[in-house]
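First comes the structure, then the notes that go with it.
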Amino acid sequence: MTMRGEMMDMPLMISGILRHGARCHGEREIVTRLPESGQIHRYGYGDAWTRTGQLANALTKALKIKPTDRVSTIAWNSHRHFELYYGISGIGAVVHTVNPRLAPDQIAWMLEHAQSKAVFFDVQFAPLVDAIAPHAKGVKHWVILGGSELTSKTKVKSTAYEDLIGAHKADFDWPQFDENAAAGLCYTSGTTGDPKGVLYSHRSTVLHAMATCASDVIGVGAKGVALPVVPMFHVNAWGIPYATPMTGAKLVMPGAQLDGASLHELIETEKVNYVAGVPTVWLGLLQYLRENDKRIDSVERVLIGGSALPEALLRAYEDNYGVRMQQGWGMTEMSPLGTVNTPLPKHEGLDREAEVKVKLKQGRLVYGVDMRIVDDEGKELPWDGQSAGHVHVRGPWIASGYFRGAGRESFTDDGWFKTGDVAHLDRDGFMTITDRSKDVIKSGGEWISSIDLENAAMGHPDIAMAAAVGMPHTKWQERPLLVVQLLPGKEPNPESIIEYLEGKVAKWWIPNGIVFIDQMPIGATGKILKTKLREIYADYRFPDDPGV
């Protein structure tokens, strides 16, 4: 028997985050490069709260959206998308963020699977909406994000967002309900089989946002200026749209323009000091900085996730621009943050090589995330920094299952989520991913880390992107094939790459073949599509394979 504490029992509500931001940081800006025009829009958290009240009234009165209804967004990062985050969940409905980079038939399937009642979309996605609307029978309302002049851009009968909310008052009686009620829905990218929906709750979202506010996690405080280049349709922009009004940080939204020149202009104009996104974005910005002799002196930290931080990228930004590169790891099923690389006091005073070695780890566990590493038989492995195994996680913002009962095989009988990553943990809780379970290269009974091999190759001065995939080999079972996209103007030279790798990776890791590709296939979340590479090179045979 336990004694219950005498504390108030108040539910954790997402609407409460923006209410706090409006009350305590009302004039702090949200800056948007408008997707429809490229112009800059500015207003404060107080203004956002007012317009979100108008949206809530429009949703409930005009669109007849009820609690538990799913409402979808196909939109870039903008102040309007921000309002939808809070307005939809705030009335008890579920905001379903759709990745527009997916195929139209896949998006239509998601809308039907989610049973979406309304879709809000940016004008750039009007052709996409025209393609999917005939197959999304359950959608009752299509709302284009902007003014009435945009409704002619789509064949679908649509309502203009500004007209919709402009017809309603800002006063709204925000409901209080069970904090475990569903608030957000995000589907996995579905590289194998149908996408699976992850259903976030108000409680999980608020707790995740609070965790990200810690100084050793994202830690963007009231003096911070945050630019989430990671899209709001990619795991809720890693929680940044919730963390910024919670702390009063200025929020800068890039809209549809994610090229190096546009990002540099926003960073310089708004004095951004914290940026977040996938490595491909920072490779593009780096190329722009180099070619135009530009700098980003206001930026203090860059959070990289989605795939491993290449050593060459880390060194380029830190050594040449003074920008601290910070690696994070997580998944859609984890809301997403699980680890963030923030060095400990014991790491102060390390020489540069040792410091880089620490920074290339995926980071240490965020409080609230429990993790274990297990072998193929399910036996838990020690946190010794060497014993690599399958990563399992659990915690208050980690999925316990998928929407509508899909994918039970991804969860253990004792309540852990199988991430599909292979990694080891050291005694300080720093995780190092050695591979994805499906991407690890098994050669002669030993594992080769495709991630480590790729990161080593990325240091070559001619290489823009590199991907290592395991291909069949008669003698060794599998050997690594290195697929390379060169920087503009560089000529293929496989011998130079082999020579560069010697001494940087184990001798038996050296790829048996190197091929060059004009454009690396990139998936909907900015990751290299190794499944596509395996298709492209399905008939490839190594020159040294005795079976050929």
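The criterion of at least 2 residues that are modelled with pLDDT of 90 or more and either more than 31 Å from the chain's Cα centre (by Cα) or surrounded by 14 or more Cβ atoms within 10 Å (Cβ to Cβ) (or both) is met, among strands (runs of 3 or more DSSP E) falling completely within segment 433-548, by 463-473, 477-486, 513-516.
All told, Ile88 falls short of being touching a Pro at 6+ places or on another chain (Cβ under 8 Å) and in a helix (DSSP H, G or I).
For segment 111-139, the tally of residues that are closer than 19 Å to Ile65 by Cβ and at pLDDT 95 or above stands at 16.
All told, Leu111 falls short of being more than 21 Å from Tyr200 (Cα to Cα), in a helix (DSSP H, G or I) and either acidic (Asp, Glu) or assigned by TED's automatic domain parsing to the domain that holds Ala182 (or both).
For the criterion of being buried (at least 20 other Cβ atoms within 10 Å of the Cβ) and polar (S, T, N, Q), Ser215 fails.
A single member of Gly166, Gly147 is more than 15 Å from Ile65 (Cα to Cα), in contact with a strand residue (DSSP E or B) (Cβ under 6 Å, 6 or more places away or on another chain) and surrounded by fewer than 18 Cβ atoms within 10 Å (Cβ to Cβ), and it is Gly147.
Which of the residues that make up segment 414-432 are out of contact with any helix residue (DSSP H, G or I) (no Cβ under 9 Å at 6 or more places or on another chain), part of a strand (DSSP E or B) and surrounded by fewer than 18 Cβ atoms within 10 Å (Cβ to Cβ)? None - no residue of segment 414-432 is out of contact with any helix residue (DSSP H, G or I) (no Cβ under 9 Å at 6 or more places or on another chain), part of a strand (DSSP E or B) and surrounded by fewer than 18 Cβ atoms within 10 Å (Cβ to Cβ), so the list stays empty.
For Leu314, the conditions (1) among the aliphatic types (A, V, I, L, M); (2) out of contact with any Phe, Trp or Tyr (no Cβ under 9 Å at 6 or more places or on another chain); (3) under 22 Å from Cys213 (Cα atoms) are fulfilled apart from (3).
Rundown of residues vs (1) in a loop (DSSP other than H, G, I, E, B); (2) modelled with pLDDT under 95; (3) over 21 Å from Asp452 (Cβ atoms); (4) out of contact with any strand residue (DSSP E or B) (no Cβ under 7 Å at 6 or more places or on another chain), yes/no style:
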residue: Val299; (1), (2), (3), (4): yes, no, yes, no
residue: Glu318; (1), (2), (3), (4): no, no, no, no
residue: Gly338; (1), (2), (3), (4): no, no, no, no
residue: Lys346; (1), (2), (3), (4): no, no, yes, yes
residue: Ala354; (1), (2), (3), (4): no, no, no, yes
residue: Arg364; (1), (2), (3), (4): no, no, no, no
residue: Tyr367; (1), (2), (3), (4): yes, no, yes, yes
residue: Ile373; (1), (2), (3), (4): no, no, no, no
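If we keep just the residues of segment 375-402 that are of a type in the set (A, V, I, L, M), within 17 Å of Met431 (Cα to Cα) and at pLDDT 95 or above, which is surrounded by the fewest Cβ atoms within 10 Å (Cβ to Cβ)? By that ranking, first place goes to Leu381. Looking across segment 233-250, the residues that are farther than 20 Å from Ala524 by Cβ and not in a loop (DSSP other than H, G, I, E, B) come down to Tyr242, Ala243, Thr244, Pro245, Met246, Thr247, Lys250.
Checking each residue in segment 315-341 for being acidic (Asp, Glu) and more than 16 Å from Lys357 (Cβ to Cβ) picks out only Glu333.
Could you list all residues from segment 279-305 that are of a type in the set (Val, Ile, Thr) and over 15 Å from Gln257 (Cα atoms)? Hits for segment 279-305 are Ile296, Val299, Val302, Ile304. For the residues Arg364, Arg404, Arg408, the requirement of being over 17 Å from Arg436 (Cβ atoms) and touching a Phe, Trp or Tyr at 6+ places or on another chain (Cβ under 6 Å) singles out Arg364. Picking from Leu283, Leu309, Leu313, which residue would you name as being part of a helix (DSSP H, G or I), within 23 Å of Asp216 (Cα to Cα) and at pLDDT below 95? Every option except Leu313 fails the conditions. Within segment 221-232, if we keep just the residues that are of a type outside the set (A, V, I, L, M) and part of a loop (DSSP other than H, G, I, E, B), the residue that is nearest to Ile267 (Cα to Cα) turns out to be Gly224.
The strands (runs of 3 or more DSSP E) found entirely in segment 137-220 that carry 1 or more residues being closer than 28 Å to Arg436 by Cβ, touching a Cys at 6+ places or on another chain (Cβ under 8 Å) and in the same structural domain as Leu63 (by TED's automatic domain parsing) are 197-201.
If you go through segment 17-45 and pick out every residue that is surrounded by fewer than 18 Cβ atoms within 10 Å (Cβ to Cβ), of a type in the set (Gly, Ala, Ser) and either closer than 26 Å to Gly184 by Cα or free of Cβ contacts under 8 Å to residues at least 60 places away in the same chain (or both), you end up with 3.
Being in the same structural domain as Ala181 (by TED's automatic domain parsing), loosely packed, with under 15 Cβ neighbours inside 10 Å, small (Gly, Ala, Ser) and farther than 13 Å from Trp174 by Cα is a property that Gly5 lacks. Do we have Ile30 as closer than 21 Å to Gly248 by Cβ and not basic (Lys, Arg) here? Yes, satisfied. Residues that are modelled with pLDDT under 95 and of a type in the set (D, E, K, R) were ranked within segment 174-215; the one that is nearest to Gly395 (Cα to Cα) is Lys196.
The values are calculated or read from the model by the stated rules, or taken from the named source; none is laboratory data. Note that the structure is a prediction, hence the values are computed from the model and not measured. Ideal geometry is used to build each Cβ from the backbone, glycine not excepted, and the neighbour counts take in all protein chains shown.
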